[in-house]
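Structure, as structure tokens:
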Amino acid sequence: MGTWDVGSFDNDAAADFAGELDEAVEGARAELVRAALRAVLTEDGYLEGDSGERAVAAAALVAAYCPGGEPVNPVYGPRRPVPGLGGELPALAAAALERVVAAGSELAELWDESGEGERWRGRIAALRAVLATDPRSGGA
């Protein structure tokens with residue numbers, strides 16, 4: 001796992017995803033985020049780490065546009081705006097994060113094995129809390 005910290009873009013797969021977003025035309029960026037979130041939700045078997053990392057990055061982008069959301073990492077996150085992250089995306093992002101921390105997720109296993117699982121799960125919980133407070137997500 002090419003990871004240097006628990007931030008949503010602090011790993012190779014997420015940084016690559018940010019690059020893909022920057023290279024995409026503006027109108028296609030939200031669909032790339034949606035696809036990354038859906039990919040983990042449609043995976044019935046073991047969830048590979050790279051898919052989980054991309055989903056966490058996508059969820060962080062959605063959360064950044066929610067009330068109380070934090071901006072994404074300006075060094076490793078996308079440098080270009082990602083418009084159109086409303087609608088069903090906060091709820092989709094919350095569901096994707098739930099899948100990433102569940103049993104059968106390589107990413108969760110790797111973080112637990114690293115001894116930093118609790119800190120990483122805290123970061124995921126913070127994202128989920130922001131997503132849950134967005135009125136578009138059906139949360140509080």
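Structure summary
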quantity	calculated
Rel. contact order, % - alpha carbon contacts under 8 angstrom, at least six apart, the chain	29
Highest to lowest packing among 99-107, 13-21, 42-50, scored as the average C-beta count within 10 Å	13-21, 99-107, 42-50
Extension gain from TRP4 to GLU116, taking 0.36 nm per residue of separation minus the Cα-Cα distance	39.2 nm
Rg/Rh (Cα only; Kirkwood hydrodynamic radius) as it applies to the chain	0.93
Radius of gyration and Dmax over the Cα atoms of region 5-62, both given in Å	11.0, 33
Note, ³J(HN,Hα) from phi for region 96-101, Karplus 6.51, -1.76, 1.60, rounded to Hz, x at Gly and Pro	5, 5, 4, 5, 5, 8
Mean Cβ count within 10 Å, highest first, over the residues of peptides 29-38, 82-91	29-38, 82-91
Built amide H within the under 5 Å cut-off of LEU47, gap 5+	SER105, GLU106
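All of the numbers you see were taken from the coordinates with simple rules; none came from a lab. What you see is a predicted model; the values in this text were computed from it and never measured. Note that we place each Cβ from the backbone using ideal geometry, even for glycine, and neighbour counts take in every protein chain shown.
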